[in-house]
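**Student:** Once you've had a glance at the structure underneath, I'll fire off some questions.
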Amino acid sequence: MLGQAEKTELDAHLENLLQRAEKTKVWTERILKQTESVLQPNPNVRLEEFLYEKVQGKKPPRLVENDILGQSMIDAGNDFGPGTGYGSVLIRCGQTQQKLGQAQRDFIQSAHANFLQPFASFLEGDMKTIQKERKLLDLKRLDLDAAKTKLKRAKSQPAKESAEAELRQAQTDFDRQAEVTKLLLEGVSSAHAHHLRCLHDFIEAQMTYFAQCNLYMNDLQRQLGSYGLSMGNSVPLQNMERANPSSTTVASDEGGMKAKVLYDYDAANMTELSLAADEDAVVFDK
């Protein structure tokens, strides 16, 4: 019976190659899946893009959240008026958000082309070929085991001669398939080298993306600083200069700082002062 057939053992080198190939498959699939989750956290959107790619061959163009936020800020700024301080700042913030969105889309595109696609191609191409040849090797091993068992059970000389001929053919087929499978498995080393280059490209794309984001935000911070919106100063004052102690705008003999109000400011509580755009204000040192 087949269950009682002698089992042919694979050589240690081939076993190690098979184990390495299996680990490569498992971890490549996992890294591919997790990277897709990083690039698109929404599982419903990932499913939609997957279906589009399968049916139409490419994913639909899609705005990221920064694009949508940026457009909302720009629309709000135009509604309040680009000539007002609040409207102007909203527009600048919106433009920066759109720059962040473009940088993110560039990063996603680069990651897909240089990282995800090569990993997916390896799984769909080389790895499926390896699995196919490995299954064929298992079948050849079963045939060889069955031929060995048949030879052991042969009683007459003609039966033994026939069984020996079948065994020689089965051994030849098994050895040939083992060599084919081994050559494919040894190619996994080249796949690792290719994946290493893809990983390097992915990290480079991440570095470029984060550097661009840092550049855009630093530029926005400098722009907001010109509006008197630097850290710790929420009052819209600009061009502060030492006020004349004898000026009629100064209520005491102490010196103050004269400033121009850029936009309307409503006091948040009783300790603050409401201001109107374009009026002069004098700020005294505490």
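**Student:** So residue 135 fits all but one of (1) farther than 17 Å from residue 17 by Cβ; (2) open to solvent by 90 Å² or more (accessible area, probe 1.4 Å); what number is the exception?
**Tutor:** Condition not satisfied by residue 135: (1).
**Student:** Taking residue 116 as the residue in question, decide whether it is crowded, with 18+ Cβ neighbours inside 10 Å, touching a residue at least 60 places away in the same chain (Cβ under 8 Å) and assigned to a helix (DSSP H, G or I).
**Tutor:** For residue 116, the condition - crowded, with 18+ Cβ neighbours inside 10 Å, touching a residue at least 60 places away in the same chain (Cβ under 8 Å) and assigned to a helix (DSSP H, G or I) - is met.
**Student:** Right, something else. Does residue 117 count as more than 27 Å from residue 214 (Cβ to Cβ) and within 14 Å of the chain's Cα centre (by Cα)?
**Tutor:** When the stated conditions are applied, residue 117 passes them.
**Student:** Go through (1) open to solvent by 40 Å² or more (accessible area, probe 1.4 Å); (2) modelled with pLDDT of 50 or more for residue 233 and report which single condition fails.
**Tutor:** Every listed condition holds for residue 233 apart from (2).
**Student:** Let me ask you something else. If only one of 141, 105, 134 is within 30 Å of residue 217 (Cα to Cα) and out of contact with any strand residue (DSSP E or B) (no Cβ under 9 Å at 6 or more places or on another chain), which one is it?
**Tutor:** Criteria check complete, one pass: 105.
**Student:** Sticking with this structure for a sec: Return the only residue of 155, 182 being touching a Leu at 6+ places or on another chain (Cβ under 6 Å) and over 30 Å from residue 59 (Cα atoms).
**Tutor:** Only one candidate passes the filter, namely 182.
**Student:** On to the next question. Just to be sure before I move on: is residue 196 open to solvent by 60 Å² or more (accessible area, probe 1.4 Å), among the hydrophobic types (A, V, I, L, M, F, W, C), part of a helix (DSSP H, G or I) and farther than 23 Å from residue 135 by Cβ in the structure I sent?
**Tutor:** Yes; evaluated as a whole, the condition is true for this residue.
**Student:** Is it true that residue 211 is farther than 19 Å from residue 90 by Cα, hydrophobic (A, V, I, L, M, F, W, C), at pLDDT below 70 and open to solvent by 40 Å² or more (accessible area, probe 1.4 Å)?
**Tutor:** Judged against the criteria, residue 211 is not a match.
**Student:** Right, something else. Against the definition (at pLDDT below 95, more than 21 Å from residue 126 (Cα to Cα) and open to solvent by less than 80 Å² (accessible area, probe 1.4 Å)), how does residue 10 come out, yes or no?
**Tutor:** yes
Residue-by-condition table, conditions (1) open to solvent by 80 Å² or more (accessible area, probe 1.4 Å); (2) hydroxyl-bearing (Ser, Thr, Tyr); (3) not in a helix (DSSP H, G or I):
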{"residue": "121", "(1), (2), (3)": "no, yes, no"}
{"residue": "128", "(1), (2), (3)": "yes, no, no"}
{"residue": "142", "(1), (2), (3)": "yes, no, no"}
{"residue": "147", "(1), (2), (3)": "no, no, no"}
{"residue": "151", "(1), (2), (3)": "no, no, no"}
{"residue": "176", "(1), (2), (3)": "yes, no, no"}
{"residue": "185", "(1), (2), (3)": "no, no, no"}
{"residue": "205", "(1), (2), (3)": "no, no, no"}
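The values are calculated or read from the model by the stated rules, or taken from the named source; none is laboratory data. No experiment lies behind these values; they were computed from the predicted model shown. Glycine also receives a Cβ, built like all others from the backbone with ideal geometry; neighbour counts cover every protein chain displayed. Remember, those area values only see protein heavy atoms, side chains included, never the ligands or the DNA or RNA. Shrake-Rupley method; radii C 1.70, N 1.55, O 1.52, S 1.80 Å.
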